[in-house]
Amino acid sequence: MFIGRKLVLVLLLSLFVGCSNSNSASEIDSTKKSIPEEIVTTTSKAETENSSLKDTLIIPGERVGSVTQQTTRDDLVKIFGESQLSDKTISGPEGIGKIPITKVNLGKGRSFTVNWDENRQKIKYINNLGPEWKTPEGINVGTSFEELQQILGEFKLTGLQWDNAGYVKLENTKLSKYQGKLSINVDAAENAYNKFPKQYQQVIGDQILSSANPNWKNLNIRVSQITVQF
């Protein structure tokens with residue numbers, strides 16, 4: 001009889017432990033199910049924001065990183081933060097008209113300027129791009145003249161020290177598809193005139209020159225400005 005009672009106690013204890021383990025497992029399982037959903041949502045949002053900040057690809061006529069023609073001022077705040085933005089109005093080309101702009105200050109390498117329509121509702125073009133922004137072909141501010149020739153083939157460009165100086169004409173080049181979507185300007189090194197005055201004088205002023213012109217060779221010509229039009 002004593003043995004019987006002992007056996008009953010053992011069985012009751014086993015059932016109690018089993019229920020406790022089951023309840024604990026249920027609680028743990030419930031925690032597993034409820035917590036990750038919030039974490040995943042927060043993580044996904046953070047990953048999206050980080051990827052937007054890291055995206056420095058230029059697709060001419062389409063986007064500059066995550067910025068497209070449909071991007072609004074509020075969108076810029078969501079992507080980059082209000083503290084990184086500064087608004088002002090500048091004079092248009094040759095002092096004609098006014099252009100509302102928003103500077104996106106992301107450090108020397110990744111900053112850029114958004115140029116709006118007169119109502120600040122629609123992006124017209126983006127310029128003043130830092131050197132980290134690149135086209136799929138690898139063109140960026142700082143690309144050398146030689147590298148540009150390899151990408152485009154022989155091309156035409158305007159003279160230096162003039163309106164729209166060093167403007168690269170994309171027609172009849174390997175990237176003619178970017179006409180009206182991408183503008184590239186080049187310039188000489190700061191000391192180019194002092195070191196090579198004769199060659200420099202040959203490539204300035206109101207003229208159209210070939211990239212094959214030998215006077216470019218020693219002037220350390222590089223891309224100085226990239227503008228993306230929409």
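Among the residues of the range 148-167, is any of a type in the set (Lys, Arg) and either within 15 Å of the chain's Cα centre (by Cα) or farther than 19 Å from residue 200 by Cα (or both)? Within the range 148-167 (the criterion being of a type in the set (Lys, Arg) and either within 15 Å of the chain's Cα centre (by Cα) or farther than 19 Å from residue 200 by Cα (or both)), the answer is no, since none of the residues qualifies. Considering 77, 67, the condition of being under 14 Å from the mean Cα position of the chain (by Cα), free of Cβ contacts under 8 Å to residues at least 60 places away in the same chain and surrounded by 11 or more Cβ atoms within 10 Å (Cβ to Cβ) is satisfied by 67 alone. Filtered by the rule that a residue be closer than 21 Å to residue 225 by Cα, part of a loop (DSSP other than H, G, I, E, B) and among the polar types (S, T, N, Q), the range 64-98 gives 66, 69. Considering 169, 181, 217, 198, the condition of being surrounded by fewer than 19 Cβ atoms within 10 Å (Cβ to Cβ), basic (Lys, Arg) and under 19 Å from residue 134 (Cβ atoms) is satisfied by 181 alone. Among the residues of the range 132-148, those that are surrounded by 16 or more Cβ atoms within 10 Å (Cβ to Cβ) and either without any contact (Cβ under 8 Å) to a residue 40 or more places away in the chain or of a type in the set (S, T, N, Q) (or both) comprise 135, 137, 140, 143, 147.
Within the range 56-63, is even one residue among the charged types (D, E, K, R), farther than 30 Å from residue 217 by Cα, at pLDDT 95 or above and in a strand (DSSP E or B)?
Initial filter on the range 56-63 (among the charged types (D, E, K, R)): 62-63.
Subset that is farther than 30 Å from residue 217 by Cα: 62-63.
The next check asks that each one be at pLDDT 95 or above; those that pass are 62-63.
Subsequent filtering for residues that are in a strand (DSSP E or B) retains 63.
There is at least one residue in the range 56-63 that is among the charged types (D, E, K, R), farther than 30 Å from residue 217 by Cα, at pLDDT 95 or above and in a strand (DSSP E or B).
Any residue in the range 99-113 that is over 14 Å from the mean Cα position of the chain (by Cα), of a type outside the set (Phe, Trp, Tyr) and in a loop (DSSP other than H, G, I, E, B)? No, there is no match, as no residue in the range 99-113 is over 14 Å from the mean Cα position of the chain (by Cα), of a type outside the set (Phe, Trp, Tyr) and in a loop (DSSP other than H, G, I, E, B).
Can you report the number of residues in the range 156-181 which are in a loop (DSSP other than H, G, I, E, B) and either without any contact (Cβ under 8 Å) to a residue 12 or more places away in the chain or under 29 Å from residue 69 (Cα atoms) (or both)? Outline the logic, then answer.
Here is the first cut: in the range 156-181, the residues in a loop (DSSP other than H, G, I, E, B) are 159, 161-166, 170-175, 179-181.
From what's left, either without any contact (Cβ under 8 Å) to a residue 12 or more places away in the chain or under 29 Å from residue 69 (Cα atoms) (or both): 163-166, 170-175, 179-181.
Selection size over the range 156-181: 13.
Return yes when residue 140 is part of a loop (DSSP other than H, G, I, E, B), closer than 30 Å to residue 172 by Cα and of a type outside the set (A, V, I, L, M, F, W, C) and no when it is not.
Here the answer is yes, as residue 140 does meet what is asked.
For the range 80-98, a residue qualifies if it is exposed (fewer than 12 other Cβ atoms within 10 Å of the Cβ) and over 18 Å from residue 127 (Cβ atoms), and the qualifying residues are 82, 83. Quickly run through the range 120-137 and pick out the residues that are under 13 Å from the mean Cα position of the chain (by Cα) and in a loop (DSSP other than H, G, I, E, B). 128, 129, 130, 131, 132, 133, 135, 136 - these are the residues of the range 120-137 that are under 13 Å from the mean Cα position of the chain (by Cα) and in a loop (DSSP other than H, G, I, E, B). In the range 175-228, the qualifying residues are those that are of a type in the set (Lys, Arg) and touching a Phe, Trp or Tyr at 6+ places or on another chain (Cβ under 9 Å), and the one that is nearest to residue 116 (Cα to Cα) is 181.
The values are calculated or read from the model by the stated rules, or taken from the named source; none is laboratory data. As the structure is a computational prediction, the values presented were derived from the model and not from experiment. Glycine gets a Cβ as well: all are built from the backbone with ideal geometry, and neighbour counts include every protein chain shown.
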